[in-house]
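The values are calculated or read from the model by the stated rules, or taken from the named source; none is laboratory data. Since the model is a prediction, treat every value here as computed from it, not as a measurement. Methodologically, a virtual Cβ is constructed for each residue, glycine included, from the backbone with ideal geometry; neighbour enumeration extends over all protein chains shown.
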Amino acid sequence: MPQLPAHVRDRALSVARRDGQWVAPEARDAATVVLLSDGLPESGGAMGTLLMRRVSTMSFAAGMYVFPGGGLDAEDLSDSIPWAPGPAEAGADAARMTAEPRVARGLVACAVREVFEETGILLAVDDEGRTPVPDDAWERDRRAVAASPGVFSDVLRRRGLALSPGLLPLWTHWVTPEVESRRFDVRFFVAAVPRDQQVIQVSGEADDAQWLAAHDALGRYAQGTLPMLPPTAATLAELIPYADADAVLAAAPDRVVRPLMPHPRLTADGALEWDLLDLRSGNVVVALPGDPAGSEAEGVGGRPGDRA
């Protein structure tokens, strides 16, 4: 399991001391989707979760296994994106996302767009609430969206599709610690792979993709063979009690979702410890044992500047 680099620990000490030597960068809004599929041979017949390993040249979480997703783009906030009728049109669960309604809608659009770009899965519905079936133009549309996010709304409209947040309810919310050089304010959504669609590994940001049962993924994480960010591991642990994707989707709307962030503090004798904060209230949710496992921004293998 990766260790927290010394220079990142120095930043943590600066944050804990509030000495101003390290100024935390602003966290960028982002979305990620926990894709679920039942009964896959790859996950031993259990509910599987898609994990993708980010390539070693990435400037954030390089070499780590993550759920598909990415940062909010200006195009995700466009009024031209079609939405299915219903309460989602008014705010897409904005209060639970700790976001303004426009940003909340944009985060759902970001989640759907990124998943389509990275996996070929399109989480949208037609006028009758049906998810689309891939056709001969599917890959062409995926590549067009990957090349230019602004065409996403055009692809949806041409296909007679609209976004429906009910397909991907909010599950949890994590913020990158202040000690990192790149930070994201990430909303985690859960979604079942539509029956007529299949994941394809097409993202240039990943060099491996695996369907794994949550308990298997966590076992490999503990052994050090499947490096991942702490929020990814925590989310997988939360999935273990659920037998299938329907159970996860049914549970999601009733979950209490708070923006969570690991935060360093100094004990009375000057030792560095960590708390998990609820950023909405400022309260400590739980004291964390030891340092975080590695650097979220720098991933496996050291600083981004050390890699070609």
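The figures follow:
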item: Boolean, residue 206 is over 12 Å from residue 171 (Cβ atoms) and either modelled with pLDDT of 95 or more or of a type in the set (Lys, Arg) (or both); result: no
item: Residue match in the range 91-106 (condition: of a type in the set (Val, Ile, Thr) and surrounded by fewer than 22 Cβ atoms within 10 Å (Cβ to Cβ)); result: yes
item: Residue tally, condition over 23 Å from residue 295 (Cα atoms) and in contact (Cβ under 8 Å) with a residue 60 or more places away in the chain, over the range 217-244; result: 4
item: The range 150-203, residues that are in contact with an Asp or Glu (Cβ under 9 Å, 6 or more places away or on another chain) and of a type in the set (Gly, Ala, Ser); result: 150, 153, 160, 162, 181, 192, 203
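Conditions (1) in contact with a helix residue (DSSP H, G or I) (Cβ under 9 Å, 6 or more places away or on another chain); (2) crowded, with 22+ Cβ neighbours inside 10 Å, marked per residue:
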position	(1), (2)
168	yes, yes
177	yes, yes
181	yes, no
185	no, yes
195	no, no
207	no, no
210	yes, no
216	yes, no
